[in-house]
There are 2 protein chains.
Amino acid sequence: MKAVGIVVEYNPFHNGHLYHAASAKAQTESDLVIAVMSGNFLQRGEPALVDKWTRTEMALENGVDLVFELPYERATSNASSFASGAIQLLDAAGCSSYCFGSENGSIVPFTTTLSRIASVQTQYDELIRKYIQEGISYPKALNRAYSALIRSTANEQETVDLSLPNNILGFHYMEAAANIGSSMKPATLPRLGAGYHDDVKHGTPIASATGIRKEFFETESTEPIQQFVPNSVYNSLNNWIIERTSFGSWDVFYPLLRFQILRSGPEHLAAIADVTEGIENLLYKAARQAETFQQFMAIVKSKRYTWTRIQRMLTHIYTGFTYSHRASMPAPDHLRLLGMTRAGQSYLKEMKENMKLPVVSRLANFNSASADFSSSVSDLYAFGINPIHPSLGLDYRIPPIRKD
Amino acid sequence: MKAVGIVVEYNPFHNGHLYHAASAKAQTESDLVIAVMSGNFLQRGEPALVDKWTRTEMALENGVDLVFELPYERATSNASSFASGAIQLLDAAGCSSYCFGSENGSIVPFTTTLSRIASVQTQYDELIRKYIQEGISYPKALNRAYSALIRSTANEQETVDLSLPNNILGFHYMEAAANIGSSMKPATLPRLGAGYHDDVKHGTPIASATGIRKEFFETESTEPIQQFVPNSVYNSLNNWIIERTSFGSWDVFYPLLRFQILRSGPEHLAAIADVTEGIENLLYKAARQAETFQQFMAIVKSKRYTWTRIQRMLTHIYTGFTYSHRASMPAPDHLRLLGMTRAGQSYLKEMKENMKLPVVSRLANFNSASADFSSSVSDLYAFGINPIHPSLGLDYRIPPIRKD
């Protein structure tokens, strides 16, 4: 059986994702789709709307055959580390190809970009470092160096515009695959409809997850987003809110985050991953003053740090993820199986001996710093959703979800 | 002016306290009463019903002239350390005498007890150590050693029964005063009415604070305790519940405590003060399982640790108080003024030059590990009372309370 790998967050699953999974399978002529999916905290450094099992169900109902969890330390890290973790897992799972969304849906400019950068690697890295020292954020520094060294000397059509989020991830996937000498073939699909951060447009079936979440929280209702998501997802979101009473967001998680910042104090905050250069004092001050998450961010946000970068620090503070935790998890060491269709199950049986990492379907049978931390994160996420009656220990109690 | 010192928690202030303050003043022929009072967490290792400022008001309305805070690290420690902290502060504040409640109200048996123990100190300490190694709690071990070496060889009337909580504290006050060579004279008053842990008896004006709290939480109403507390206290409790919506208790603070235990994990718990000998694994397991504080304690409680001892660990986990924090606060280093009457104010003016420690009325003007920690504890207490809208920074905003 031939598998195509995709990297997803599904926050929430929407019609664009349905198209992506189906087209990836068709374009690569695969028998099944394997998704590596973030757990309960996401790459933008925020809690997922609904937990990883609920999002796994959404995936299995809508064209994905196997869902493996991207472990916490990679799911919440920068684009390069996120992408390399995901690619390592897809490669370990035996995928023949991987497929990502990009602005233009053409793979050649990515190949060209990679080789051009490789040819000026030293200069390129130095220029990025210089821009960061001047006080701008990493993504902006990368972009400026890229514009100066690559884009200025080439026909723009030949290379990729790395100022666009989808392109950056695609670029890092291909870089990561090259780094591990993976035999997986890259493929890309053009994104549909709305841009990454655009508001939703009513009367169309496609909107970005960001737009959907915004609509969702502004209207405090699932109804306006019904047109953008499959029916099963719509039902699933409605069931969640009935059972759990709130969706995951920093607005809802803020009291626990704030308690944690004040209990830790600036000294202990400095040990937390991604908390750097004295920002701990600002975080502490902001937590003392701000009654809401939006007020908190208004105090902390500056030109030096992107919103995402700050949110990642906050995620690590919330979960207690330190620099030494990170150091203890140098590479993904297992394939945590969250769910499978029948086809997925057959694939697992067939591939059993050829997987490059152990497939872990029961956490009780596997121990590693990475697996333990991701399961503890599930508990802390559950506290954010409902501090009085959190659903704990789910990683030990819920077997992989099966869909016939 | 001549001052008598008392050591109090006022959780809540009741008619027995009214009698205690007035009688202490009368018996020692003093001009004013100085109280050293615990802050927001108490010696039994639990959050106070209402915060330290509200309890200071209660004190000033009912016969106390000056209230100084017993800092967190002493207020939440064992009887010996609690007592020595309190005595050091009363001595530093220039008290001529100090007065405590005891079972019989006579000071001679305390003096006799102290000198008898001193005469067999080495044997006594060894015996206590031996009993603890056999697996019983410290208070029980002390009591057994005391019975074996002192009480068995003496007329019981000559010495003090150290199995009674009030007597133990009294004993430690006198021991602490002797250790620092204090010139303060000890005095004692017999306790009135109900025993320390007794249920309240209706139709009498006196009940223990423990009995009052029990009545309070069982009936979820202040009304049944009205007869046991001064009117000003009754009003104050009712105002608190209207403004803050809940009284402090582990039942109410449990979600934050539980979150903290799960976020820390067993390894980090071991750094917390009083967490010893592998109990961190049990605490972690209990937090995973128990939905309520009572369920939690049912799992953790054993013969080896008293309820109080466990609650003290939990207090330190809640506040993040580590062994290294404790080591950085070897002795009380300031007199934190919480409130004063006119007489108290005159006394401060008169004594200004003769206080042995700085009087701190604005925390912004004083920095020490101990002062900083106690103020951060106020914030964490406020989260327990109301996690969504905690009243933070009160230690910096509330000046000493004045009563004319």
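The values are calculated or read from the model by the stated rules, or taken from the named source; none is laboratory data. What you are looking at is a predicted structure, and each value in this text was computed from that prediction instead of being measured. Quick reminder, even Gly has a Cβ in these numbers, built from the backbone with ideal geometry, and neighbours come from all protein chains shown.
For the reader, a short list of remarks on this structure follows.
- Subset of segment B:244-260 (residues that are more than 24 Å from the chain's Cα centre (by Cα) and away from chain A (no Cβ under 11 Å)): B:Thr245
- Within segment B:233-256, the set of residues being charged (D, E, K, R) and modelled with pLDDT of 95 or more comprises just one member, B:Asp251.
- B:Tyr131 being modelled with pLDDT under 90, more than 14 Å from B:Glu175 (Cβ to Cβ), buried (at least 16 other Cβ atoms within 10 Å of the Cβ) and not assigned by TED's automatic domain parsing to the domain that holds B:Gly16: no
- Among the residues making up segment A:267-318, those that are within 14 Å of chain B (Cβ to nearest Cβ), small (Gly, Ala, Ser) and assigned to a helix (DSSP H, G or I) are A:Ala286, A:Ala287.
- Test: residue in segment B:78-98 that is touching a helix residue (DSSP H, G or I) at 6+ places or on another chain (Cβ under 7 Å) and without any contact (Cβ under 8 Å) to a residue 60 or more places away in the chain: yes
- A:Asn179 being over 21 Å from the mean Cα position of the chain (by Cα), at pLDDT 90 or above and not aromatic (Phe, Trp, Tyr): no
- Among the conditions (1) within 11 Å of chain A (Cβ to nearest Cβ); (2) part of a helix (DSSP H, G or I), B:Ser346 misses just one, which is (1).
- Selection within segment A:359-371 - surrounded by 15 or more Cβ atoms within 10 Å (Cβ to Cβ) and either over 13 Å from A:Glu69 (Cα atoms) or of a type in the set (A, V, I, L, M) (or both): A:Val359, A:Val360, A:Leu363, A:Phe366, A:Ser368, A:Ala369, A:Ala371
- Hey, A:Ile212 more than 19 Å from the chain's Cα centre (by Cα), modelled with pLDDT of 85 or more and of a type outside the set (Ser, Thr, Tyr) or not: no
- Of residues in segment B:68-105 being of a type in the set (Ser, Thr, Tyr) and outside any strand (DSSP E or B), the one surrounded by the most Cβ atoms within 10 Å (Cβ to Cβ): B:Thr76
- Taking every residue in segment A:232-260 that is more than 11 Å from B:Ile388 (Cα to Cα) and pairing it with any residue that is in a helix (DSSP H, G or I) and at pLDDT below 95, at least 6 positions away or on another chain, the pairs with Cβ-Cβ distances below 6 Å are A:Tyr234/A:Gln226.
- A single entry from A:Arg288, A:Arg309, A:Arg263 fulfils the requirement of being under 22 Å from the mean Cα position of the chain (by Cα) and of a type in the set (D, E, K, R): A:Arg309.
- Flag if B:Ile241 is hydrophobic (A, V, I, L, M, F, W, C), assigned to a helix (DSSP H, G or I) and over 23 Å from the mean Cα position of the chain (by Cα): no
- Given (1) in a loop (DSSP other than H, G, I, E, B); (2) buried (at least 18 other Cβ atoms within 10 Å of the Cβ), number of the condition A:Thr204 does not satisfy: (2)
- Within segment A:372-391, being assigned to a helix (DSSP H, G or I), among the polar types (S, T, N, Q) and more than 9 Å from chain B (Cβ to nearest Cβ) holds for A:Ser374, A:Ser375, A:Ser378.
- Looking across segment A:349-371, just one residue is within 14 Å of another protein chain (Cβ to nearest Cβ) and over 26 Å from A:Gly45 (Cα atoms), and that is A:Ala364.
- The set of residues from segment B:215-229 being in contact (Cβ under 8 Å) with a residue 24 or more places away in the chain and within 21 Å of the chain's Cα centre (by Cα) comprises B:Phe216, B:Phe217, B:Phe228, B:Val229.
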